[in-house]
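First up is the structure itself, then whatever we jot down about it.
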Amino acid sequence: MNKAILAGINLNKNEQEFNIVLEETKQLCNACNIEVIEVCTQKSKSLNSKIAFGKGKLEELKELVYKHNVDCVVFYNNLNVAVLSRIQKEIGVQVIDRTNLILDIFSIRAKTKEAKLQTQMARLQYDLPKIYLQEFDADRERGGSDQSRGAGETKLELARRNVEKEISNIKRQLDLLRISNKERSKRRNQTFIKSVSLVGYTNAGKSSLMNLILKYNSRSEDKFVEEKDMLFSTLDTSIRNVSYNNKSFLLFDTVGFVSDLPHELIEAFKSTLDAVNDADLLIHVIDASDPYYDEQRDITYETLKTIKADNIPVIEVYNKADLLEYRDEHLRYISCVSEEGILELLELIINTLYPKDYSFKIKLPYKDQYLLDKYNNHLQITSIENKEDGSIISIVGDKIVYDAFFNYKEGLF
Ligand SMILES: Nc1nc2c(ncn2[C@@H]2O[C@H](COP(=O)(O)OP(=O)(O)OP(=O)(O)O)[C@@H](O)[C@H]2O)c(=O)[nH]1
Ligand SMILES: [Mg+2]
């Protein structure tokens with residue numbers, strides 16, 4: 001495990017809020033195999049445009065680096081490339097900012113081709129300004145004259161072009177994957193299969209809830225997903241078919257959110273986040289045992305807004321109720337350990353997805369009976385009587401079924 005000093009500049013948070021983000025950054029370090037040895041912070045109105053910290057504080061940081069002989073310094077704040085490389089030069093060890101840290105975790109965790117490509121693209125987009133800066137510095141050193149272009153600058157130019165080429169290459173591959181995901185989602189829509197996506201702060205218990213729902217699934221062939229006490233344990237979207245009380249839906253478990261999620265990542269993870277965008281219903285999992293669950297809930301809503309998924313109906317569940325001493329009677333509590341509230345949640349999901357059942361009788365010609373298969377997920381047949389020119393069928397179903405079979409209602413033709 002690498003050792004680090006955690007550095008942070010408190011710009012506009014109160015002490016408690018600042019401690020939350022520092023604590024979270026420690027957990028991000030942990031997920032990245034970095035152990036935080038000591039913390040070095042400063043309160044300031046703005047980041048010093050050259051070295052982020054004040055001069056004195058930077059000296060203090062340098063001394064801590066020597067004292068503990070650490071491998072790197074992790075900044076809670078996001079730093080621009082020029083500032084980051086200046087601090088690095090000054091203190092002599094690697095400097096990692098928040099975006100870098102999250103990108104590193106994603107690189108370690110990415111398993112599928114899609115997650116790997118997405119992470120690679122985010123990393124390249126994040127690195128590109130560094131090359132621009134090196135080019136700019138080289139340009140400035142030679143006084144901007146074209147005649148004095150040396151081999152070094154040509155190398156930089158080449159490096160930049162290669163990165164740009166790689167970005168567009170990965171983007172093309174991701175676009176293709178996204179199109180095929182979109183087509184799959186369109187096909188699902190055409191067959192009226194409902195989809196539900198688990199969303200929430202990282203480590204809230206989304207994967208655990210998926211596994212628990214799978215336990216009550218009347219389809220038994222489904223595989224469980226990995227759950228782990230670590231930030232960003234899930235990066236790849238898992239989809240499972242769930243059936244409960246004769247109604248079914250697709251359940252998506254996907255990447256969790258965190259404060260200040262790097263915009264490069266949101267941009268690169270578009271196709272993963274489509275699972276959220278295309279859902280009929282979101283289950284927002286909140287870790288009620290976390291003292292800062294309010295902030296985490298707000299960050300999830302902000303992120304949903306950023307990815308334009310804030311118009312999808314949401315059921316909020318307050319998870320890890322087994323760890324609580326006090327409860328708020330207005331909130332819906334669940335526990336993936338004691339299984340409290342799970343059956344009620346499943347009922348609610350079904351009632352929300354399939355709001356109202358209609359009972360009616362139809363006369364369906366034999367040539368149109370394929371429609372019964374098409375709407376299989378949405379209806380129950382309570383009686384059937386075959387006649388010469390078709391069947392008289394009693395159906396209980398939702399609004400979709402009622403509309404689809406409207407023209408066959410008995411007596412209408
Ligand atoms: N005590 C308790 N622990 C829980 C409960 N639900 C989940 N956990 C634990 O919380 C940790 C995180 O659970 P996950 O299901 O992996 O969380 P996640 O939201 O999928 O996390 P990411 O994939 O990292 O975003 C695991 O150690 C779980 O065992 C619960 O109801 N009670
Ligand atoms: Mg997970």
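The values are calculated or read from the model by the stated rules, or taken from the named source; none is laboratory data. Quick caveat, the model's predicted, so the values are computed rather than measured. Using ideal geometry, Cβ is built from the backbone for each residue, glycine included, and neighbour counts are taken over all protein chains shown. When the accessible area is computed, the model is the full protein with side chains, heavy atoms only, and any ligands, DNA or RNA have been set aside. Shrake-Rupley method; radii C 1.70, N 1.55, O 1.52, S 1.80 Å.
For this structure, a couple of remarks:
- The peptide list 382-390, 170-178, 236-244, put in order of mean Cβ contacts within 10 Å with the highest first, becomes 236-244, 170-178, 382-390.
- For segment 191-353, the percent of C-alpha pairs falling in each 5 Å distance bin, counted from 0 to the bin holding the largest distance, reads 2, 9, 19, 24, 22, 15, 8, 2, 0, 0.
- Förster-model FRET efficiency, 56 Å R0, Asp373 and Glu295, C-beta, rounded to 0.05: 0.70
- The chain - percent relative contact order, Cα under 8 Å, separation 6 or more: 11
- Global form of segment 1-102, assessed from the alpha-carbon gyration tensor, a/c cut-off 1.5: rounded
- Charge sum, other residues only, whose C-beta stays under 9 Å from Val285's C-beta, Lys/Arg counted +1 and Asp/Glu -1: -1
- Tail fraction, Cα-Cα pairs, the chain, threshold 33 Å, whole percent: 48
- Nonpolar atom fraction for the chain, defined as the carbon and sulfur part of the 1.4 Å probe accessible area, stands at 47 percent.
- Centroid-to-centroid separation of segment 344-407 and segment 38-110 [C-alpha atoms, Å]: 62
- Based on the Kirkwood approach, the hydrodynamic radius assigned to segment 164-281 is 15.5 Å, with every pair of different Cα atoms included.
- Helix-only mean residue ellipticity at 222 nm for the chain, each DSSP H run of n ≥ 4 adding -39500 (n - 2.57), per residue, nearest 500: -14500 deg cm²/dmol
- Scanning residues 5 or more positions from Lys3 or on other chains, those with amide H under 5 Å from its amide H are Glu35, Asp71, Cys72, with H placed 1.01 Å from N in the peptide plane.
- Between helix 15-31 and the chain: long-axis angle, C-alpha atoms, 0 to 90°, nearest 10: 80
- Take each peptide in 250-260, 38-48, count the other Cβ atoms within 10 Å of every residue, and average; sorted highest first, the result is 250-260, 38-48.
- Cα gyration tensor shape of segment 358-408, rounded if a/c is under 1.5, else prolate or oblate by comparing a/b with b/c: prolate
- Across segment 68-78, coupling constants 3J(HN,Hα) worked out from phi with the 6.51/-1.76/1.60 Karplus curve, θ = phi - 60°, read 9, 6, 7, 8, 7, 10, 9, 8, 5, 6, 8 Hz, and Gly and Pro carry x.
- Here's how it looks for Cys336: its modeled amide H is under 5 Å from those of Lys320, Ala321, which are all 5 or more places away or on a different chain.
- Net charge over other residues, Cβ less than 11 angstrom from the Cβ of Lys116 (K, R count +1; D, E count -1): +2
- Protein heavy-atom accessible surface, 1.4 Å probe, per residue over segment 223-280: 38 Å².
- Relative packing of peptides 290-303, 364-377 - highest average C-beta neighbours within 10 Å first: 290-303, 364-377
- Electrostatic bookkeeping for Ala309 treats Lys and Arg as +1 and Asp and Glu as -1; over the other residues with beta carbon under 14 Å from its beta carbon, the sum is -2.
- Close amide H partners of Ile96, meaning residues 5 or more places away or on another chain with modelled amide H under 5 Å apart, are Val73, Val74, Phe75.
- In order through segment 156-169: 3J(HN,Hα) via Karplus (6.51 cos²θ - 1.76 cosθ + 1.60), integer Hz, x for Gly, Pro: 4, 4, 5, 4, 4, 4, 4, 5, 4, 5, 5, 4, 5, 5
- The value of relative contact order for segment 2-96, using C-alpha pairs under 8 Å at least six residues apart, is 39 percent.
- For a label point 7 Å along the Cα-to-beta-carbon line of Asn386, residues of segment 343-363 with backbone N under 19 Å: 362-363
- Each residue of segment 371-377 is assigned a 3J(HN,Hα), and the resulting list reads 4, 5, 5, 4, 9, 3, 5 Hz, derived from the Karplus form 6.51 cos²θ - 1.76 cosθ + 1.60 (θ = phi - 60°), x at Gly and Pro.
- Mean accessible surface per residue for segment 358-408, computed with a 1.4 Å probe while every protein chain stays in place, in Å²: 57
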